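See structure below.
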Amino acid sequence: QVQLVESGGGLVQAGGSLRLSCAASGRTFSSYAMAWFRQAPGKEREFLAAISWGGANTYYADSVKGRFTISRDGAKNTVYLQMNSLKSEDTAVYYCAANEPYSDYRSSVYDYWGQGTQVTVSS
């Protein structure tokens, strides 16, 4: 079992930045690929970014490429999502997810999910 807890969401103006954190506990964090998804009201859950179990490889959706950066800190068992140049369309609940051992853009692949953190971007 892996427990994931997101934090760092909030209200920000368009053009601003936020950094989301996802703290993992339970089984060996280093063996899990991690990802961030988001879901806006009335929309399907959307893949944003993923990072391999070792941190060497990262993947991004076109909608956030160049604006969002995923990273992980093995010593802290934490994965981050740095979000810059935020837009009103980035407003959603953001979730982190874990899968052993591979990352994927499909939400169905991931076994463990956090509870989500709300990000609201005002225009």
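The values are calculated or read from the model by the stated rules, or taken from the named source; none is laboratory data. Computed from a predicted model, the values in this text were never measured in an experiment. Cβ sites come from the backbone with ideal geometry, for glycine too, and all protein chains shown count toward neighbours.
Laid out as a table, the results:
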| read-out | value |
| --- | --- |
| Members of segment 83-123 that are touching a Leu at 6+ places or on another chain (Cβ under 8 Å) and closer than 19 Å to Ser71 by Cα | Met83, Leu86, Tyr94, Cys96, Ala97, Ala98, Tyr112, Trp113, Gly114, Thr117, Val119 |
| Residue that is nearest to Thr28 (Cα to Cα) [pool: residues in segment 110-123 that are out of contact with any Asp or Glu (no Cβ under 8 Å at 6 or more places or on another chain) and at pLDDT 95 or above] | Tyr112 |
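The rows are residues; the columns are (1) modelled with pLDDT of 95 or more; (2) under 19 Å from Ile70 (Cβ atoms).
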| position | (1), (2) |
| --- | --- |
| Gln1 | no, no |
| Val5 | yes, yes |
| Gly8 | yes, yes |
| Ser17 | yes, yes |
| Ala23 | yes, yes |
| Lys43 | yes, no |
| Ala49 | yes, yes |
